[in-house]
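Take a look at the structure below.
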Amino acid sequence: MQRKAGLRTLLLGLRMRFWLRNDEMALEEMVQRLNAVSKRTDEIMHHDISPLCAADIQDQLQKRFAYLSGGRGQDGSPVITFPDYPAFGDVPDKEFQNVMTYLTSIPSLQDAGIGFILVIDRRQDKWTSVKASILRIAASFPANLQLVLVLRPTGFFQRTLSDLAFRFNRDDFKMKVPVIMLSSVPELHSYIDKSQLTEDLGGTLDYCHSRWLCHRTAIESFALLVKQTAQMLQAFGTELAETELPNDVQSTSSVLRAHTEKKDRAKEDMRLALDEGRSVLESIREPLARGPEQSPNQDQLDSQSTVQRLLAQLSETEAAFDEFWAKHQRKLEQCLQLRHFEQDFREVKAALDVLAQKITTFTDVGNSLAHVQHLLKDLASFEEKSSAVTQRARTLALEGERLIELKHYAVDSIRPKCHELRQLCDQFAADVGRRRGLLGRALDLHGLLEASMKWCDEGIYLLASQPVDKCQAQDGAEAALQEVEKFLEMRAENKIQELSKIYQDYEPILTRDLLEHVQKVFRKQESVEEMFHRRQASLKKLAAKQTRPVQPVAPRPEAPAKSPCPSPGIRRGSEIHSSEGSVLRRGPYRRARSEVSEGRQGRGRSTGDEESLAVLRRHVMNELLDTERVYVEELLCILEGYAAEMDNPLMTHLISTGLQNKKDVLFGNMEEIYHFHNRIFLRELENYIDCPELVGRCFLERMEQFQVYEKYCQNKPRSESLWRQCSDCPFFQECQKKLDHKLSLDSYLLKPVQRITKYQLLLKEMLKYSKSCEGAEDLQEALSSILGILKAVNDSMHLIAITGYEGNLSDLGKLLMQGSFSVWTDHKKGHTKVKDLARFKPMQRHLFLHEKAVLFCKKREENGEGYEKAPSYSFKQSLNMTAVGITENVKGDAKKFEIWYNAREEVYIVQAPTPEIKAAWVSEIRKVLTSQLQACREASQHRALEQSHSLPLPAPTGTSPSKGNTKDVRKLEERKTDPLTLEGYVGPAPLPRPPEKGRGWSKTSNPPEAPEDNDGWSSAEEPVNSSDAEEEGRAGLRKLVPGKYTVTGLDEKGGPDALVLRSGDEVELVQEGDEGLWFVRNVSSGGEGWLPARNLSALLGQRGAPGCLSSPESSAGSALLSASSSCSESCAAALADLQG
C-alpha cells in the first residue's frame, strides 16, 4: 500500500512538472512576443537610431528656425525649410544639432535614404548671415543631402554682393551636394512644386507648426505607452508564472482572485492605451476631414501609418497576454478544482470512516423481539442518515471522473481517489446489508422464542384455568382433556422442535447471552410439555369409565353347632370390638385419601394461580420495557432532530433572535435524562425480564438518579414560556418536517413529565400481581419512593414560584409539605380591634412546611396560558420551627388546628380543606418537633452522663425509690439508647430515679399572660405525645397537667419507698414515671417521692381537670407538642433529670 501510494505521488509529481514546464513555455512565448512588440515600437519611432523625442526638445522646436513641412521633391526627397529667422546665428550649436537630428529622424528610412532638400529662405537677410548659415548647415547636418536651395537677399546691394561673393567664394561652399542661389520664389518653384511648399514660399501646402508639434508629441507619447504596456504585461506574466500554487482551497481561491484582479487592471490599462491611440489617429485625420479638396501630405500619411502600426502592436500585446492568461487561468482553476476535490475527498473519507466505525459497533442482536425490531429501526435510521454521506461520496467520484474527461493535469491523483470512494461506499453498503441480514435472522429467532414463550404462557394459563374439582368428574375430565389435546394440536407450530437445528441455523448470531436465553426457553418449553403430558395422563385416567369389578362371594356358612350359650355381655363386647376394629381399619385410609385429594386440589389451585400471576407480571414487564425503549428513542429523536440542529450552521438563519443561545432553557437537562435511561436504566431493566417481580430493586438502586426529573420540571415553566414566544419560528417547522412528526415540539417536551408519572402506575400493577413474591417489599418501597419523587417535584414547582423572600430557601431545609389554608391570627401584642377582626375574617394563605421553618405566602393567580398561568406566591411571614408549638384540635371544627409561636405570643388558627389534610399536616409538624426535641434530649443526655462521671449525685431529702437498685440503672441505660420513647417505661419495673432538687416544671416557663390551666406545654416542660389516637389507645394510663393536686384513697402498694401521706394532703407534680407513677413534692412538709396517678385529684377551683388530654373538658381537646432547639436552662435541667 505504501509503495503504491509512493508511486502515485511520483506520477503526480511528474505530471505536475510537465504541466509547469508547459506553463513556462507559455510564459516564454508571451515574453518573446512582448519583446518583439517593444522592439518594433522603437523601430516605428526610429528610437533605435535617434532616441530624441519631441517632448525632450519641445522648446527648441518651438523656435521654428527649421521645420519639416511634409513637402517632397520630385524624387520624393523630404524638404526641410529654414525660414527667415534673424537670430539664426544666435541659436546654440547643441540646439541646432538636436533639431537637425530630430527632424531628419522623422521621415521613413526609405525617404531619408534619398536625401534631404534644404530650402534656406534669406530674402530679408544679409550676405554675411547667408554665408554663415550655409557654412553651419554644411558642417553639422546629420543626414544625406540631395540639394540645397538658397533664396538670396532681395536688396540690390545685398543681391549684387551675394552674386560676387558667391562666385569668388564658391570653393568655401564646397559640399557633397550642389548649392543653388535663387533670386526669387518662381525660380524655387522650378525645383520644387508649389504644392510641396508652404504659403510663405509661395506654395499651397497647409502646414501649422504648433499642430505638427502637438501631433508629434501625442504620437511619441502613445508609442511610449505601447512600449510600457508591453513591458508591464511581460513583468506581470513573469510574476504570475512564478507564483507558487497553494495546497488548500482558501489560499488557491485567494491567489486566483488576486491574479484576476491584476489581470483586470492590466486589461483596463490596455483599453485606455487603445483609446488614446485611436484619439491620436482621429486628431491626425481631423484636418483632412474639414476639407476634402485637400490631399494629405506625405508626413501626415506617415503619421497615420505610425499610429496605426502602434495600435497593431498594442493589439498584438493584448492578444499575447490574453493567450497567456487563458493558460494561467486554466492552471489556477484546475488547481482550485483539485484542491476542492482533495478537501471534499478528505471530508467524505473521514465521514465514511466514521460510518464504518459505527457499523462495527452494531454488534447487538437483541434480547427480545421488540428489542430486535428497535435495532432494525435504529439500523434503518442510521442507514437513512448515512445516505447523505454515501450519496456525497458517489457524487464526488462522478465529479472526479468529469475532471479526468476534461484532461485535468492531476489525473493520476484523481483516479485512485475516485476508485477508493466507490470502494468505501460499496463496502459500507455491504456491511449494512450484512448487519440487516443478521438482525433479520435474530428477528426470526426471537420471533420463534417469543412464540414459544407465548405458547408456554398460554399453556400455563390453560392448565391454571382448568378447575380441579370439576376434573374429578368423568365429564369434566373429558372436557378438560379435549381442551388440552386441542391446544397441543393447534399450537404445535409455535414450539421449538429441535434445539440442534436452532444451533445450526442461527449460529452466526448466537451470542452467549442469546444461547442461554434459547436454552432457558427450551427448558421452559420442555417443562410445560411435561406438565401437559402429566395433565393429559391424569385426565385420561379420570375420563376412563370406572366399571365396578365382579367380586366372588363365598357361600354363606351354615349355622355352627350350638354350643353353650356364651354370656351376652361377652358376645356383645366381641361384636363391638370387631366393629371398632373395622372402623379403625377403614378410617385412616379414608382420611388419608381425603387429605391427599384436598392437598392435590389445593396445590393445583395454588399452582394455577401462581402461573396466572406470573403471566400477568410478564405482561406488565413487557409493557415497562417496550414503553421504556420508545421513551429513550423519542428523547434521542428530540435531541438529534431539534437540540443538535440549533448548533448547525446551516440552520442558523432559521432561528429567531429570541431563540438564539436558549437551547438550555428550551430543553433543560433532557440530555442528562436521556443518558441516564439509555446507558443505565434501560439496560438494568432488561436484566429483570425473567424475574419481573424483582424489578423494584432496579428502581431502588437508581432512585437517586431519578432526581434529574426535579430539575427538568423546575425548568419547564421557562421552557413553556420560551416555546410560546417562538413556536412559529421557521426552525421548528423545518425540523418537524425533517423528522416527519405529526406533533409539534411542545408535545415531546412533555414526555419526561409523562414518563415519571407512568412509573408509579406500572409499579402498582406489578405489585398487584406480586404480593406473595420475594420482591413485594422492594416493589412497595420503590412505589413509595417514586411517589415521593413526584411529590418533591410538585412541591418544588410551587417552591420556585415564591417571590419576596429575601433569604435563601435552601437554608430552610427540605420542603416537607405545601398547601392552601384559611388562617386566622390572634397576636397578644396586636391592637384589640385588629385581634377581634382577625378572629372573624380568615386570610387565604399558602403554607410551606420546611424542616426549619414554616412560610406563610399569599397565592396570586397569573394571567396567561399553560405554565404561564401557574400561580405565584408572595411571601408574608416566616416562623422558625425552634419556637413553634401546635394544638392539634380546635374546639368546634375538626379541620382546624393551631400553630403558635414564642409561647403563644402569636397564634395562627389554620383551617385545612379536609380533616385528612389536617391530620397529615399535624403529623408532619409533630415529626419535625419530635426530631428537634430528640436532638435537644441527646444533648442533655450527653451533659448528664458527663456530670454522672465527674460529680456524685445529690441525695434527695426523702427516701429515693431507686437507691441501690442496679436493675433500675440498667433499665435507665437501655432507655438512653432509645431516645424516641417519650412516654416513660411501660410494664412493671422499679421506680425511676427522682429528679434533682430545683429541676422539674418551672412556673416561669408559662407566659405571663397565660392562665394556669393552659392546655399546652412550653418549651421548658416535659413533652408528651399530642396524638389523641395514641392517648385513647393506651387504656389505664392517665395523663396529668402540671399543677397542685390532692391525695385521695392512698394505696400502700405504691412501693416500698413510697411516701407515707394522708388523704387530703396537697402535693405538687414534679415528673412523670412508669405505670402511672408521678414524682411529687409535699407542699406542707417538702418531702418528695413517687405516687400513683389514681391517688391524685385536682384541687377544687382548678379549671384544668387532671384527665386525658383528649378530654372534652380541655379547651383545646389535646395536649400541645412543642420543642425548642435552643434548650433553655430549665429544659436542659428537666431532660437531664428525666434521663438521670
Inset, instruction - Scan the range 426-435 and give yes if some residue there is within 30 Å of GLN497 (Cβ to Cβ), buried (at least 18 other Cβ atoms within 10 Å of the Cβ), within 30 Å of the chain's Cα centre (by Cα) and touching a residue at least 12 places away in the same chain (Cβ under 8 Å), otherwise no. - result: yes
Legend entry - Residue selected from the range 633-660 under the condition farther than 17 Å from ASP728 by Cβ and aliphatic (A, V, I, L, M), by the criterion farthest from the chain's Cα centre (by Cα): LEU650
Inset, instruction - Name the residue, out of ARG211, ARG257, ARG216, that is surrounded by 19 or more Cβ atoms within 10 Å (Cβ to Cβ) and basic (Lys, Arg). - result: ARG216
Inset, instruction - Name the one entry in LEU438, LEU449, LEU463 that is farther than 30 Å from PHE362 by Cβ and of a type in the set (A, V, I, L, M, F, W, C). - result: LEU463
Inset, instruction - Give me a count of the residues in the range 260-297 that are at pLDDT below 75 and either assigned to a helix (DSSP H, G or I) or among the small types (Gly, Ala, Ser) (or both). - result: 6
Inset, instruction - Say whether the condition of being aliphatic (A, V, I, L, M) and surrounded by fewer than 17 Cβ atoms within 10 Å (Cβ to Cβ) is met by at least one residue in the range 472-485. - result: yes
Inset, instruction - State the number of residues belonging to the range 486-536 that are out of contact with any helix residue (DSSP H, G or I) (no Cβ under 7 Å at 6 or more places or on another chain) and either among the basic types (Lys, Arg) or open to solvent by 50 Å² or more (accessible area, probe 1.4 Å) (or both). - result: 25
Legend entry - Pairs where the first residue, in the range 380-407, is touching a residue at least 12 places away in the same chain (Cβ under 8 Å) and within 21 Å of GLN343 (Cβ to Cβ) and the second is of a type in the set (Asp, Glu) and in a helix (DSSP H, G or I), C-beta under 7 Å, 6+ apart: LEU396/ASP344
Inset, instruction - Out of the residues in the range 917-931 that are over 45 Å from the mean Cα position of the chain (by Cα) and open to solvent by 40 Å² or more (accessible area, probe 1.4 Å), state the one that is farthest from ARG845 (Cα to Cα). - result: ARG926
Inset, instruction - Would you check which residues across the range 324-355 are open to solvent by 40 Å² or more (accessible area, probe 1.4 Å) and more than 30 Å from LYS262 (Cβ to Cβ) and list them? - result: ARG346, GLU347, LYS349, ALA350, ASP353, VAL354
Inset, instruction - Please identify the pairs in which a residue from the range 250-270 that is free of Cβ contacts under 8 Å to residues at least 12 places away in the same chain and of a type in the set (S, T, N, Q) has its Cβ atom under 9 Å from the Cβ atom of a residue that is open to solvent by less than 70 Å² (accessible area, probe 1.4 Å) and part of a helix (DSSP H, G or I), counting only partners at least 6 apart or on another chain. - result: GLN250/ARG339; SER251/ARG339
Inset, instruction - Starting from the range 195-213, take each residue that is without any contact (Cβ under 8 Å) to a residue 24 or more places away in the chain and list its partners that are open to solvent by less than 60 Å² (accessible area, probe 1.4 Å) and outside any loop (DSSP other than H, G, I, E, B), counting only C-beta distances under 6 angstrom and pairs at least six apart or across chains. - result: GLY202/VAL185; THR204/SER195
Inset, instruction - Look through TYR709, TYR748, TYR674 and report the one residue that is crowded, with 17+ Cβ neighbours inside 10 Å, of a type outside the set (Asp, Glu) and touching a His at 6+ places or on another chain (Cβ under 8 Å). - result: TYR748
Inset, instruction - List every residue pair whose Cβ atoms sit under 9 Å apart, with the two residues 6 or more apart in sequence or on different chains, where the first one lies in the range 728-752 and is more than 30 Å from VAL793 (Cα to Cα) and assigned to a loop (DSSP other than H, G, I, E, B) and the second, anywhere, is among the β-branched types (Val, Ile, Thr) and at pLDDT below 90. - result: CYS729/ILE655
Legend entry - Residue ID - least open to solvent (accessible area, probe 1.4 Å), chosen from residues in the range 408-425 that are farther than 19 Å from GLU383 by Cβ and free of Cβ contacts under 8 Å to residues at least 40 places away in the same chain: CYS418
Inset, instruction - Exactly one condition in (1) free of Cβ contacts under 8 Å to residues at least 40 places away in the same chain; (2) over 22 Å from GLU693 (Cα atoms); (3) not basic (Lys, Arg) is not met by LEU787; state its number. - result: (2)
Inset, instruction - Give the residues of the range 385-400 that are under 29 Å from LYS331 (Cβ atoms) and either at pLDDT below 90 or open to solvent by less than 20 Å² (accessible area, probe 1.4 Å) (or both), sorted by residue number. - result: ALA393, LEU396, ALA397, GLY400
Inset, instruction - Only residues that are among the charged types (D, E, K, R), under 26 Å from LYS814 (Cβ atoms) and modelled with pLDDT under 90: list them for the range 759-792, please. - result: LYS791
Legend entry - Index of the failed condition, ASP302 passing every other in (1) over 30 Å from LEU34 (Cα atoms); (2) more than 28 Å from the chain's Cα centre (by Cα): (1)
Inset, instruction - Go through the range 757-816 and give me each residue that's among the small types (Gly, Ala, Ser) and over 28 Å from SER878 (Cα atoms). - result: SER770, SER772, GLY775, ALA776, ALA782, SER784, SER785
Inset, instruction - Can you work out which of the residues in the range 758-801 that are out of contact with any helix residue (DSSP H, G or I) (no Cβ under 7 Å at 6 or more places or on another chain) and not in a helix (DSSP H, G or I) is most open to solvent (accessible area, probe 1.4 Å)? - result: LYS771
Legend entry - Filter result (of a type in the set (Asp, Glu) and part of a helix (DSSP H, G or I)) within the range 231-252: GLU239, GLU242
Inset, instruction - Pairs only if they're at least six apart or on different chains, beta carbon under 6 angstrom, first in the range 613-640 and closer than 17 Å to ASP740 by Cα and open to solvent by 30 Å² or more (accessible area, probe 1.4 Å), second of a type in the set (D, E, K, R) and part of a helix (DSSP H, G or I); list them, first residue then second. - result: GLU634/LYS751
Inset, instruction - Report whether or not LEU205 is closer than 30 Å to LEU151 by Cα and more than 60 Å from the chain's Cα centre (by Cα). - result: yes
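The values are calculated or read from the model by the stated rules, or taken from the named source; none is laboratory data. A quick note: this is a predicted structure, and the numbers were derived from the prediction, not measured. Ideal geometry is used to build each Cβ from the backbone, glycine not excepted, and the neighbour counts take in all protein chains shown. Heavy atoms of the whole protein, side chains included, go into the accessibility calculation; ligands, DNA and RNA do not. Shrake-Rupley method; radii C 1.70, N 1.55, O 1.52, S 1.80 Å.
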